[in-house]
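One structure is given here, and the rest of the page talks about it.
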């Protein structure tokens, strides 16, 4: 078995882990998982643990994490975590406690632990943005947790774990010894209540009968920020190793029909958490946004295991990738998507492509439903995977998002009818990119321009605004607060597809810039092209301050320890 | 994608610390801070960006010769403004408002906003009121 975690060195925070381990090495005795009390006297927490049944976990972890007569292993039986959480824990044990694991054994341990000591899907939902490496605004971090944990971790990292009360206390003790950073009593109390070992969600999920029939054909919808969507299929075949699948995804661009074929492998952890790797056949391209780049796949399935969605990503900061949704292919006709997000009122005989699976040989206009005010004039052509229809859009067609349907296959909110766009929002509205250096690749930033229409209140940026969807724009940039016409060559450039490309290695400068999007067709009331802008900080990848070296990781600066020469 | 509140602040704060850099990134130190340097404009709102790590108000004012000048006023982040009642729609496009703040040391048409008074007389608190 080849673990989907085999090459997560860039994914996991190696930098932070290494820094942490330097401290941890001084306190190796703590890795044994002693709760408290006199050395040699093992005390088990009073809360009922989760027995460990797996021989490999017992063999590899049992010398330190001793078992009681009910099969509970120290620490492990009072903890639950995401696959990524367990992977980090094992990485720590490998480096700290000289645990000897082959990649296959490590994969099996993660598989067992994240299945039997994992999170329920409802619990994992709250930290999906972290494992999918999405920049996300954490707005509800309790002050106690922020103070105790926030200096080093995001909130999702903390909530990737569930622990007994005693184990949260143990974690605090460990942090005291390793980093002189104990959790406050308030933080422990909060976490014990918010992230307890036992929850109704976990009880229900762990008691279910898992469905192991993942093999087969899945339909794929994928979108890449700044580009149009892709539709296709993904074949999953058992690799022969327990729980692992080989994959082959064929994705076709709705814009130009070009095809991307990606092959790889992956595994469904805990019955819902897909983790895999894949790459395209043309992986030799050096373009950072080439869709054949090797990607890590992170997806979460629905409880019925009929669909899953997530992100396939790559890049120095995991900043590039697909948003992906897969669903099991069925014997019924399935509408996957359409070739646009917008329809303007008044259009006549406009051709729309509908992409899907198993469209029948005989179809009629009545099989298609675009909602009120949009009528199907005729079916131009059809195949098993595509229907082209001509539609008329009434001038008084209701504005806003609507569903599109082929017979009983419905896509909610797939299309927006509009008469004009009021403004453009460039996403992300604020972001960080990075120059490269001798050891780190550049950090890119992909942009997308989304058109909006003011809602009934006539005001922009209010809750009733209608998101119309991506529109065609011309990209440019200018340096913040600088005079018009100031050169941006030292900073970088924005490609026609909205990819910001930093200007190579530039280790001693950082810049603030506006990334500008000018609509190609949509104009404001004065006849000027609609313009949107986003704020971008382009940073150095590493800096030294106060004798310490700070390295940029995914979305934060990591204290990498005392300053030292750059390793070449 | 949005920013991780904590990390974005950390990143932004850290950037300000980079020594010996020919940095074009700015911090509050890029603006004057003496009370005597406070400036007041009556301007027309071009756009308001309610975001991390700084919210930005774009506005236009007429100079002494009647020429339109474009200015950018910088405020604290949306996450700091939201508890004071701010939203992305707090300042509307084309609204004529009064903006008070400290100008950029560089002479650029930029300022650190300390107070905003809307056309209806309502004052928006930015946390730097004196």
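A few notes on this one:
- Per-residue shielding of A:289-300, expressed as the average number of other chain Cβ atoms within 10 Å of the residue Cβ, stands at 0.
- Averaging Cα coordinates gives a centre for segment A:199-246 and one for segment A:429-461; these two points are 29 Å apart.
- Alpha carbon convex hull of segment B:19-119, volume per residue in cubic angstrom: 116
- Peptide A:537-549, shielding by other chains (average Cβ, 10 Å cutoff): 3
- Convex hull per residue volume in Å³, alpha carbons only, for the protein assembly as shown: 180
- Binning all Cα-Cα separations of segment A:92-183 at 5 Å, short to long from zero, yields these whole-percent fractions: 3, 10, 16, 21, 21, 20, 8, 2, 0.
- Pair residue A:459, residue A:70: separation of 7 Å Cα→Cβ label points (nm): 5.7
- Calculated FRET value between residue B:87 and residue A:559, using beta carbons and R₀ = 25 Å, to 0.05: 0.10
- Averaging 1/r over every pair of different alpha carbons in segment A:282-363 and inverting the result gives a Kirkwood radius of 16.1 Å.
- Overall Cα dimensions of segment A:423-552, principal axis frame, Å, largest first: 56, 30, 25
- Projecting the alpha carbon convex hull of segment A:338-418 along each direction and taking the average yields 4.4 nm².
- More than 11 angstrom apart: percent of Cα pairs within segment A:351-392: 61
- When each of the peptides A:376-383, A:495-502 is scored by how many other beta carbons lie within 10 Å of its residues on average, the order from highest to lowest is A:495-502, A:376-383.
- 0 to 90° range, to nearest 10: angle between helix A:185-194 axis and chain A longest Cα axis: 60
- Cα pair distances exceeding 15 angstrom across segment A:78-125, given as percent: 42
- Taking other C-beta atoms within 10 angstrom as a stand-in for reagent exposure, A:447, A:272 fall in the order A:272, A:447, fewest first.
- Separation in nanometres of the label points that stand 7 Å from Cα toward Cβ, at residue B:44 and residue A:228: 3.9
- Footprinting exposure proxy for B:54, A:116 (fewest neighbouring C-beta atoms within 10 Å first): A:116, B:54
- The mean count of C-beta atoms from other chains within 10 Å of the C-beta of residues in A:391-401, rounded to a whole number, is 0.
- By the beta-carbon count within 10 Å of each Cβ, the least crowded to most crowded order of B:81, A:536, fewest first, is B:81, A:536.
- DSSP bridge orientation in segment A:223-368 - percent antiparallel, rounded to nearest 5: 100
- Reciprocal mean inverse distance between Cα atoms of segment A:389-450 - Kirkwood radius, Å: 15.9
- Against the main long axis of the alpha-carbon atoms of chain A, helix A:103-116 sits at an angle near 80°.
- What the Cβ-Cβ distance of residue A:125 and residue A:489 gives, at R0 = 41 Å and to the nearest 0.05, is a FRET efficiency of 0.40.
- Computed log₁₀ I(q)/I(0) - Debye formula, equal Cα scatterers, no solvent, segment A:268-318, q 0.16, 0.19, 0.25, 0.28 Å⁻¹: -0.52, -0.66, -0.88, -0.99
- Applying 1/(1 + (r/R0)^6) with r as the Cβ-Cβ distance of residue A:474 and residue B:94 and R0 = 22 angstrom yields a FRET efficiency of 0.35.
- The gain in end-to-end length when the residue A:439 to residue A:403 segment is fully stretched comes to 8.1 nm, 0.36 nm per residue minus the alpha carbon separation.
- Net length gained if the chain between residue A:350 and residue A:186 were fully extended (0.36 nm per residue, minus Cα distance): 52.9 nm
- Cα centroids of segment A:305-369 and segment A:59-103: 43 Å apart.
Every read-out reported here was derived from the displayed coordinates using simple, explicitly stated rules and does not represent laboratory data. The model shown is predicted, which means the values in this text are computed figures rather than measured ones. Methodologically, a virtual Cβ is constructed for each residue, glycine included, from the backbone with ideal geometry; neighbour enumeration extends over all protein chains shown.
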